[in-house]
1. Would you be able to say whether some residue in region 397-418 is acidic (Asp, Glu) and open to solvent by 10 Å² or more (accessible area, probe 1.4 Å)?
2. Which of the following residues is part of a helix (DSSP H, G or I) and either under 30 Å from residue 322 (Cβ atoms) or modelled with pLDDT under 60 (or both): 178, 220, 191?
3. If a residue must be of a type in the set (Val, Ile, Thr) and either open to solvent by 30 Å² or more (accessible area, probe 1.4 Å) or farther than 19 Å from residue 401 by Cα (or both), how many such residues does region 230-246 contain?
4. Consider only pairs whose beta carbons are under 8 Å apart and that are at least six residues apart or on different chains; among these, list those whose first residue lies in region 406-422 and is touching a residue at least 24 places away in the same chain (Cβ under 8 Å) and assigned by the TED database to the domain that holds residue 293 and whose second residue is among the aromatic types (Phe, Trp, Tyr) and open to solvent by 40 Å² or more (accessible area, probe 1.4 Å).
5. Determine whether region 436-449 contains at least one residue that is within 30 Å of residue 532 (Cα to Cα), open to solvent by 80 Å² or more (accessible area, probe 1.4 Å) and touching a residue at least 60 places away in the same chain (Cβ under 8 Å).
6. Restrict the check to region 392-399 and report whether at least one residue is more than 18 Å from residue 243 (Cα to Cα), part of a helix (DSSP H, G or I), of a type in the set (Phe, Trp, Tyr) and within 30 Å of the chain's Cα centre (by Cα).
7. Could you give every pair whose Cβ atoms fall below 6 Å, whose first residue belongs to region 379-400 and is closer than 16 Å to residue 313 by Cβ and not assigned by the TED database to the domain that holds residue 289, and whose second residue is part of a helix (DSSP H, G or I) and of a type in the set (D, E, K, R), counting only separations of at least 6 or pairs across chains?
8. Looking only at region 262-305, how many residues end up being buried (at least 18 other Cβ atoms within 10 Å of the Cβ), of a type in the set (Gly, Ala, Ser) and outside any helix (DSSP H, G or I)?
Amino acid sequence: GWQGSMKSGSLSYILSCNRLPVQLMSQVRVYTSNGQKKDLGSEDTNGSTPEETLHKVGTGRQDTTNAGQKQSFLKEPIQVKVKAVLKKREYGPKYTQNNFITGVRAINEFCLKSSDLDQLRKIKRRSPHDDTETFTVYLRSDVEAKSLEVWGSPEALARERKRRKEAEIKYRENLFRNQRLLWEYKEFFGNTKPRSSAAAMFFKGPGKVVMVAICINGLNFFFKLLAWVYTGSASMFSEAIHSLADTCNQALLALGISQSARTPDPSHPYGFTNMRYIASLISGVGIFMMGAGLSWYHGIIGLLHPHPIESLLWAYCILAGSLVSEGATLLVAINEIRRSARAKGLSFYQYVVQSRDPSTNVVLLEDAAAVLSVAVAATCMGLTSLTGNPYYDSVGSLGVGTLLGTVSAFLIYTNTEALLGRSIQPEQLQRLTELLESDPVVRAIHDVKATDMGMSKVRFKAEVDFDGRVVTRSYLEKQDIEQLLQEIQQVKTLEELEAFMLKHGENIIDTLGAEVDRLEKDLKQRNPDVRHVDLEIL
């Protein structure tokens with residue numbers, strides 16, 4: 001066993017032992033966060049202190065045999081230095097006294113007016129928005145005190161909140177009656193973001209392809225329907241149904257394109273770009289149900305109940321015209337996809353398989369299937385006219401249905417994958433991670449996720465381990481070092497030390513936030529596809 005008397009100033013700590021003597025001192029000084037110190041008292045060896053109790057238990061019967069050794073060791077106690085620490089401050093489960101709140105939230109949540117906020121302290125903070133560097137916030141405690149001053153009591157404030165909530169619900173129910181008021185509000189305050197013109201979207205890019213396809217397929221459906229009524233051909237009926245399905249689906253695509261241009265709102269903060277994939281998915285289901293299903297049905301009926309076919313001359317003429325029109329639409333879609341794929345640095349095949357532009361993909365596949373189905377229908381009708389056997393015509397209807405089913409299955413698969421949120425290409429993800437890791441402020445990145453949100457929009461998320469030394473040096477480079485040294489030399493008490501550390505600690509945290517904003521901005525500038533960046537600090 002061993003025993004020592006540990007002492008720092010007026011602080012001693014005693015351990016009992018059966019061989020070594022002991023020095024009993026129990027004066028303890030405790031420092032609090034406000035710099036006060038408390039003496040817990042001093043007692044001699046005759047008092048009933050914890051040190052004496054430990055001493056009695058540890059020494060016991062050996063006191064009489066080791067009396068001589070005690071005298072020698074009392075002269076040389078063991079000296080140990082102990083750090084003085086601040087008393088831990090308890091904040092409780094909910095602490096909002098130091099929270100900041102924006103003016104809009106203060107007005108909405110605490111039922112205040114803008115004139116009420118003029119009397120409060122205004123604090124400039126770093127803005128979370130890209131278009132502004134700083135913005136004004138208020139202390140939540142000041143806003144709460146002001147709301148109680150205005151409304152008199154928490155109960156009155158709660159009643160006002162309830163009243164405004166009911167008024168908001170009533171307003172939403174009568175939204176169509178207030179369209180004029182909303183229009184005047186937008187005219188007075190102006191739109192914060194420019195909105196895309198829905199009409200202009202249909203004169204270029206995918207919108208132009210879809211509108212051309214709607215017009216051509218609508219005409220094809222009308223003439224094919226007349227040919228089927230005149231000839232009674234099952235293959236011609238399948239072609240008419242195919243053109244009708246294409247027209248309806250492409251109208252659905254046009255609706256998806258117009259909806260995807262809507263401005264993001266609080267209910268949909270990431271916008272409506274996925275509406276194109278949703279419209280394409282519904283289009284694929286429509287092709288399968290309406291196009292393939294009816295073609296198979298009519299082909300099976302023709303096999304079970306064959307009937308002679310009238311003159312096919314008009315049918316051949318309409319099929320030839322349909323082949324030319326569908327081919328023209330197919331060329332428009334191919335040229336649009338080539339142009340878009342070249343701009344993205346992808347091959348034609350990669351662009352189609354990855355469903356980068358779902359609307360153009362649907363037009364491409366539908367028109368490709370239309371050209372092939374015209375060839376199948378013409379071949380089967382020709383065999384029927386040569387042999388007089390109507391079964392060839394029914395087989396042609398089944399072939400067209402199978403072709404439409406294959407196209408619809410591909411569309412359903414690719415658009416479902418896009419809606420599920422697939423990852424971006426490994427090469428692009430590697431470029432993003434290398435850009436982050438090459439920055440001196442970053443030590444390592446973990447849990448990297450980059451999701452393709454559709455229509456060339458990527459959301460990037462990563463856990464970042466920042467180098468605190470580099471961040472602190474970045475803060476110090478913007479400070480007057482000599483003035484900072486003078487502040488350090490003027491620190492004499494615990495209160496001054498705490499105030500110094502809190503001041504510069506908050507500034508260093510703000511510097512870390514600025515570094516995060518800088519990294520996010522660099523990622524977006526060097527990779528235009530990255531629209532949303534979430535960097536979480538480890």
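1. To start, the set of residues in region 397-418 that are acidic (Asp, Glu) comprises 417.
Narrowing further to those that are open to solvent by 10 Å² or more (accessible area, probe 1.4 Å): 417.
Yes, region 397-418 contains at least one residue that is acidic (Asp, Glu) and open to solvent by 10 Å² or more (accessible area, probe 1.4 Å).
2. Values: 178 fails: either under 30 Å from residue 322 (Cβ atoms) or modelled with pLDDT under 60 (or both); 191 fails: part of a helix (DSSP H, G or I).
So the residue among 178, 220, 191 that is part of a helix (DSSP H, G or I) and either under 30 Å from residue 322 (Cβ atoms) or modelled with pLDDT under 60 (or both) is 220.
3. So the first thing to find is which residues in region 230-246 are of a type in the set (Val, Ile, Thr), and the list is 231, 241.
Subsequent filtering for residues that are either open to solvent by 30 Å² or more (accessible area, probe 1.4 Å) or farther than 19 Å from residue 401 by Cα (or both) retains 231.
Residues meeting the conditions: 1.
4. Close Cβ pairs satisfying both conditions: 408/288; 409/288; 412/288.
5. As a first pass, look at region 436-449 and keep what is within 30 Å of residue 532 (Cα to Cα): 436-449.
With open to solvent by 80 Å² or more (accessible area, probe 1.4 Å) added as a condition, the list becomes 437-438, 440, 443, 446, 449.
This time we only want the ones that are touching a residue at least 60 places away in the same chain (Cβ under 8 Å), so: 446.
The answer is yes; a qualifying residue exists.
6. no
7. none
8. 1
The values are calculated or read from the model by the stated rules, or taken from the named source; none is laboratory data. Since we're looking at a predicted model, the values are computed, not measured. Glycine gets a Cβ as well: all are built from the backbone with ideal geometry, and neighbour counts include every protein chain shown. Please note that ligands, DNA and RNA were not included when accessible areas were found on the heavy atoms of the full protein model with its side chains. Shrake-Rupley method; radii C 1.70, N 1.55, O 1.52, S 1.80 Å.
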